[in-house]
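Shown next, in structure tokens, is the structure this report addresses.
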Amino acid sequence: MARHPEQVRTLVAHEPPAAQVLPDRDQALAAVVDIHETYRREGLGPAMAKFIALTSLKGPIPGDFADQPAPNPADFGLTTEDDGSRDDPMLGRHIVAATHYELDFHALRAASTRIVVGAGAESEGEFTHRAALAVAERLGTEAVIFPSHHAGFLGGEFGMQGNPDAFAAILREVLSNDG
């Protein structure tokens, strides 16, 4: 979007995983690397359990997050068996790249694209909610608060029940105000 703003009229970034803007960025980045390494070492279940623990944590991420006892994947309905595959795009290739990416706020503010940063009402205090507020502040805007949580647009199809109708209503309102 920063390189080709003419291709994007409005960007809605709902709870971006922008760890770089957090006051506890070093702890956040280390926790994400630990999740990725857990995925590579132990597979999807153990890594996803750590991911859920991290993303549902309210407040700053403790420096010893990676040293804390790992949550049991079964407690989240995840498999405890390692099937040997390592093809999950989020925990494999993208989790470190996305969270470690440093946004170019100067280029983003200069772009003609309207940027709307969203945060979930129920995820207040969590990693991506805090990141959304920080990104909006750095852009000189206010975050739009969407109903539900980080996955508020989901209707339960991926194990997370959001409020997709209410989420869509706010999104329609935001998009209709696009001038």
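The values are calculated or read from the model by the stated rules, or taken from the named source; none is laboratory data. Quick caveat, the model's predicted, so the values are computed rather than measured. With ideal geometry, Cβ positions are generated from the backbone for all residues, glycine too; neighbour counts draw on all protein chains shown. Keep in mind that these areas ignore ligands, DNA and RNA; they rest on the heavy atoms of the full protein, side chains included. Shrake-Rupley method; radii C 1.70, N 1.55, O 1.52, S 1.80 Å.
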Practice task
Please go through the range 3-32 and pick out each residue that is open to solvent by 60 Å² or more (accessible area, probe 1.4 Å) and either assigned to a helix (DSSP H, G or I) or farther than 27 Å from A107 by Cα (or both).
Solution key: E6, Q7, R25, D26, Q27
Exercise for the section: Kindly list the number of the only condition in (1) touching a Ser or Thr at 6+ places or on another chain (Cβ under 7 Å); (2) surrounded by fewer than 18 Cβ atoms within 10 Å (Cβ to Cβ); (3) among the small types (G, A, S) that fails for G45. Expected result: (2)
Fill in the blank from the handout: Just one listed residue, out of D165, D87, D82, is assigned to a helix (DSSP H, G or I) and open to solvent by 70 Å² or more (accessible area, probe 1.4 Å), and it is D165
Exercise for the section: Assess whether L133 counts as being at pLDDT 95 or above and not charged (D, E, K, R). Expected result: yes
Practice task
Identify all residues within the range 53-79 that are exposed (fewer than 13 other Cβ atoms within 10 Å of the Cβ) and either modelled with pLDDT of 95 or more or more than 25 Å from A119 (Cα to Cα) (or both); write none if there are none.
Solution key: K58, G59, D64, D67, Q68, P69, N72, A74, D75, G77
Exercise for the section: Search the range 90-107 for residues being buried (at least 19 other Cβ atoms within 10 Å of the Cβ) and of a type in the set (A, V, I, L, M, F, W, C), and hand back the single one that is farthest from G140 (Cα to Cα). Expected result: L91
Exercise for the section: Please specify each residue of the range 141-162 satisfying the condition of being part of a loop (DSSP other than H, G, I, E, B) and either at pLDDT below 85 or touching a Pro at 6+ places or on another chain (Cβ under 7 Å) (or both). Expected result: H149, H150, A151, G152, F153, L154, G156, E157, F158, G159, M160, G162
Problem - Residue list for the range 33-75, filter: in contact with a helix residue (DSSP H, G or I) (Cβ under 7 Å, 6 or more places away or on another chain), under 14 Å from E126 (Cβ atoms) and not in a loop (DSSP other than H, G, I, E, B) - result: F51, I52, L54, T55, F65
Practice task
Would you mind stating whether E173 is touching a helix residue (DSSP H, G or I) at 6+ places or on another chain (Cβ under 9 Å), part of a helix (DSSP H, G or I) and open to solvent by 70 Å² or more (accessible area, probe 1.4 Å)?
Solution key: no
Problem - Output for the range 107-133, where each listed residue is over 13 Å from the mean Cα position of the chain (by Cα) and farther than 15 Å from S56 by Cα - result: A107, L108, R109, A110, A111, S112, T113, R114, I115, V116
